[in-house]
Amino acid sequence: MNTRSNSHWTQVVGVAASAILVLLAFRTGLAADAPAKATRPAIYDESADGGKQVEEALAKAKKEDKRVLLMFGANWCGWCHRLHNLFESDARIAAKLKQDFVVVMIDVNKNHNADLDQRYGNPTRFGLPVLVVLDSTGQALTTQDTGKLEEGDHHDPAKVMAFLTQWSPKK
């Protein structure tokens, strides 16, 4: 083989190797973004009537002198799972939620419960998850873009706790 032929084959092999690496990277990236149905439990009831969920939560909130915390999201939403996990795993946040709020997970996958989204001022325009705090009469007090509670790849427990403390009922 001459030098020109060697150079040509080196280029062909280099291009092929690069293409394989790009395809592998692309495949890995897609797998990372895909919903992990086998590893993530469903945290939203995709068949639930959100209006009925809110109605039941308001009755409980009124009886127990609490606020209602609506968490709009979907089972495919990684940030929804992160925030839900923080709600359960951080002892201070879990205690604050139990003491002061009735938490309602509102599924908005594929426009499910779009009427509730509209009723509370289209909070999902901020992305998912998004939080809405209601008083015990159903009046929306605030909407929280949870992106503002993030720190890097997670929700900052201090920011979440500050938000919950700010919107807890004054007893």
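What follows draws every value from the coordinates through simple rules; no lab data is involved. Predicted, not measured: the structure shown is a model, and the values here were computed from it. We place every Cβ from the backbone using ideal geometry, glycine too, and count neighbours over all the protein chains shown.
Numbers for the structure displayed
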item	result
Shape metrics for the range 88-171, restricted to C-alpha atoms - Rg then Dmax, Å	13.2, 39
Backbone N under 18 Å from the D115 label point (7 Å along Cα→Cβ), restricted to the range 44-68	45-59
Estimated FRET transfer efficiency (D65, D153; beta-carbon r; R0 35 Å; 0.05)	0.45
26 Å Cα-Cα threshold exceeded, pairs from K62/K148; K63/K148; K66/K110; K98/K148; K63/K159; K62/K110	K62/K148; K63/K148; K66/K110; K63/K159; K62/K110
Relative packing of peptides 56-69, 122-135 - highest average C-beta neighbours within 10 Å first	122-135, 56-69
Under the Debye formula (equal points on every Cα, no solvent term), log10 I(q)/I(0) of the range 37-148 at q = 0.11, 0.14, 0.16, 0.22 Å⁻¹	-0.32, -0.52, -0.69, -1.34
